[in-house]
Amino acid sequence: MSDATMQSSPALFDSKDYKRSRNSYLIECAFEYFVALLVSDAFLVKLLQDIGMNDATVGIMASLISLAFVFQLFSIFVVQRISNTKVFAIIFHFSSQVFFMALYFVPFLPAVEGSNYKHVLAVACIMIAYFGNYLVTSIIYKWGNSFVEPHHRGRYCATKEMISLISGMVVTLIIGYVMDYFEAANNLHGGFLFAACGIFVFSICDLVCLLLIKNDKKPKEEIKKNIVPMSEVMRNTLGNRNFLSVLLLAVLWEVAKGVSIGFMGTYRLNPHELALTVGAVQIINMVGNLMRFAISRPFGKFSDKYSYAKGIELALVMAAVSFVVYAFTAPGNRVFVWTMVILFSVLYHGCQAGIGQNMHSILYSYVDSRYFVQASAIKSSVGGLCHFGSALLASRFLQYVQNNGNALFGIHIYGQQVLATFSVILTLAALLVAHFVVSKQKAMVQ
């Protein structure tokens, strides 16, 4: 259905099909989130370390998710030619989750002396999985949100986040505990098998939810008639100054994360650094997610009332403070370490309540909805490339500091602390762009 039809038929949002679709999309996002949790942070670190990757390489691998955003560019060329949104989305989305599950079976393969073939297979599983996932990410986002009344989108996205966060905390707590249990019993591979089973179950539930969403089917004749030239797409995205300012904001934020977040996992788990366990990390993340849960709804209402840009501004203030805390976090007294890591987690996870969904939804304010998928793909891809590039440079810097005995200019300091300082500077730059440029632009309601 066209955007014009939706806006002229507000009663349609109260129909049975629309309510079922909204609720199904809410739950689907939770199951997708569960799978994402199991291939990120401490879980991914443990798996990659088990197959022999060093800290710097693990940091780069953790950032591959950002490089994989480039795969969204392919959606630019296919979105206008999709006649059956549900079938297209399910095929690629479910396939991606199968490869995420396959990642957990790589450690079970026999070792070959002098060979890094497990590293290659792990990279292949991650990249193929993210290709399928990100090819349809923007398509599913627009499809799922098409059943939401535009003036309530901020609150809807907040509710979606809250459901994912609360249930995600339970999932990570259970699987984190199981992983620690198996590791303590010198059987970490048993924990990997448990996680793989979890991904399988979540993937099936995700599939059922997508099947329950009302399909968006278009006759092939209509599709051919309405296809616009790529030059027109580019003119309404990269030729749109309002979109370019949002793109700049997204790039600054992605680089701010890229130079430090991917290296936080090894910093927390390394026995010679912060020395936390997987279970401890999950408990701390749970505390952070509780903060994100508590302020998601207020952030949603704030964004609906004032604008997505203002919501991002407020969140960036929290992000800057979180990186300051990260920069001052160093090995030492256990109480101090726990306090600083928890404080960072609370602030960083909290800021995601205002950045995560708003950074997606803000495109509705500055880009015609006909080009939403293309604009989203460009923003995510460019941001992802910049994130990955910054992570590569940061990994070289981290390796330099570690090879120098955790010292820089004769001062004893951990590389992750310096990287966090870079994140502070970049986040403040993003805040300036959000406040003085993006928020000053005229926003559309669609």
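With a Förster radius of 30 Å, plug the Cβ-Cβ distance of His119 and Ile91 into 1/(1 + (r/R0)^6) and report the FRET value to the nearest 0.05.
On the way: r = 29 Å, r/R0 = 0.95.
My answer for the efficiency is 0.55.
Taking the charge dipole of the chain about its Cα centre, with +1 at Lys and Arg Cβ atoms and -1 at Asp and Glu Cβ atoms, the residue from Asn333, Val39, Gly132 reaching farthest to the positive side is Gly132. Heavy-atom accessible area with a 1.4 Å probe sorts Leu393, Leu314, largest first, into Leu393, Leu314.
In this label model, Val335 and Leu109 are separated by 4.8 nm, measuring between points 7 Å along each Cα→Cβ vector. Simple rule: put +1 on each Lys or Arg Cβ and -1 on each Asp or Glu Cβ in the chain, find the dipole, and look at Ala443, Tyr117, Val246; the Cα lying farthest toward the positive end is Ala443.
Each residue was assigned an accessible area with a 1.4 Å probe, and for Arg235 the value is about 140 Å².
Report, in deg cm²/dmol and to the nearest 500, the calculated mean residue ellipticity at 222 nm for the chain, where each DSSP H run with n ≥ 4 adds -39500 (n - 2.57) and the sum is divided by the residue count. Kindly include the intermediate steps, with their values, before the conclusion.
Details: 21 runs with 333 residues, N = 446.
One gets -24500 deg cm²/dmol as the mean residue ellipticity at 222 nm.
Remark: the Cα gyration tensor places the range 153-281 in the oblate category, a/c being 1.5 or greater and a/b not exceeding b/c. A simple charge model with +1 on the Cβ of Lys and Arg, -1 on the Cβ of Asp and Glu and nothing else charged puts the dipole of the range 260-368 at about 260 debye relative to its Cα centre. Here His272 sits with roughly 150 square angstrom of accessible surface, probe radius 1.4 Å. Sorting Ile128, Ile140 by solvent-accessible area of protein heavy atoms yields Ile128, Ile140, largest first, with a 1.4 Å probe. Take the range 354-446 with all the other protein chains still there, run a 1.4 Å probe, and you get 41 Å² of accessible area per residue. Once the Cα atoms are used to define both axes, helix 188-212 deviates from the longest principal axis of the chain by about 10 degrees.
Treating the beta-carbon of each Lys and Arg as +1 and of each Asp and Glu as -1, no other charges, what is the dipole magnitude of the chain about its Cα centre, to the nearest 20 debye? Please list the in-between numbers first.
On the way: 33 positive and 23 negative charges, 270 e Å.
Using Cβ point charges on Lys, Arg, Asp and Glu, the chain gives about 1300 debye.
May I ask for log10 I(q)/I(0) of the range 278-399 at q = 0.10, 0.14, 0.19 Å⁻¹, from a Debye sum over the Cα atoms as equal point scatterers with solvent left out? Debye intensities relative to I(0), on a log10 scale: -0.41, -0.76, -1.14. Just the protein heavy atoms count here, and of the accessible area of the range 365-419 at 1.4 Å, carbon and sulfur take up 61 percent.
Shown here is the pair-distance distribution of the range 335-446: with all Cα-Cα distances grouped in 5 Å bins from zero up to the longest one, the shares run 2, 9, 12, 18, 18, 15, 10, 8, 5, 3, 1, 0 percent.
Distance between the 7 Å Cα→Cβ label points at Glu222 and Ile174: 4.2 nm.
Gain in length, Asn404 to His435, computed as 0.36 nm per residue apart minus the alpha-carbon separation, to one decimal in nm? Can you show the working numbers first?
Values: separation 31, 0.36 × 31 = 11.16 nm, distance 3.98 nm.
The Asn404-His435 span can extend by a further 7.2 nm.
At a threshold of 8 angstrom on Cα-Cα distance, excluding pairs fewer than six apart, so keeping six or more, what relative contact order does the range 357-423 reach in percent?
Numbers: 22 pairs, mean separation 11.5, N = 67.
Rounded, it is 17 percent for the range 357-423.
Cα centroids of the range 387-446 and the range 72-99: 33 Å apart. Against the chain, whose longest principal axis comes from its Cα atoms, helix 278-306 is set at around 30 degrees.
Across the options Cys157, Gly288, Asn215, the greatest Cα extent toward the positive end of the charge dipole of the chain (unit charges at beta carbon of Lys, Arg, Asp, Glu) belongs to Asn215.
For the range 74-133, the relative contact order works out to 46 percent when only alpha carbon pairs closer than 8 Å and six or more residues apart are counted.
Would you list Lys142, Lys118 from the most to the least accessible area, probe 1.4 Å? Don't jump to the answer; show the numbers that get you there.
On the way: Lys142 60, Lys118 35 Å².
Result, largest first: Lys142, Lys118.
Shape analysis of the range 237-293 places it in the oblate category; the axes a ≥ b ≥ c from the Cα gyration tensor give an a/c of at least 1.5, with a/b not above b/c.
To the nearest Å, what is the center-to-center distance of the range 230-285 and the range 181-224, using C-alpha atoms only? The distance from the Cα centre of the range 230-285 to that of the range 181-224 comes to 24 Å. Ligands, DNA and RNA excluded, the heavy atoms of Lys19 present near 90 Å² of accessible surface to a 1.4 Å solvent probe.
Between rounded, prolate and oblate, where does the chain land on the alpha carbon gyration tensor, with a ≥ b ≥ c its root eigenvalues, rounded for a/c under 1.5, else prolate if a/b exceeds b/c? Display every interim value, and only then the final one.
On the way: a/c = 1.71, a/b = 1.39, b/c = 1.23.
Prolate shape, in that a/c is at least 1.5 and a/b is the bigger ratio.
For Lys16 and Leu211, a Förster radius of 22 Å and the Cβ-Cβ distance give a FRET efficiency of 0.85, rounded to the nearest 0.05.
Axis of helix 241-258 versus longest Cα principal axis of the chain: the two differ by about 20°, to the nearest ten degrees.
The values are calculated or read from the model by the stated rules, or taken from the named source; none is laboratory data. Keep in mind that what you see is a predicted model, and the values were worked out from it rather than measured. Neighbour counts run over all protein chains shown; Cβ positions are idealised from the backbone, glycine included. Calculation scope for accessible area: heavy atoms of the full protein, side chains included, ligands and nucleic acids excluded. Shrake-Rupley method; radii C 1.70, N 1.55, O 1.52, S 1.80 Å.
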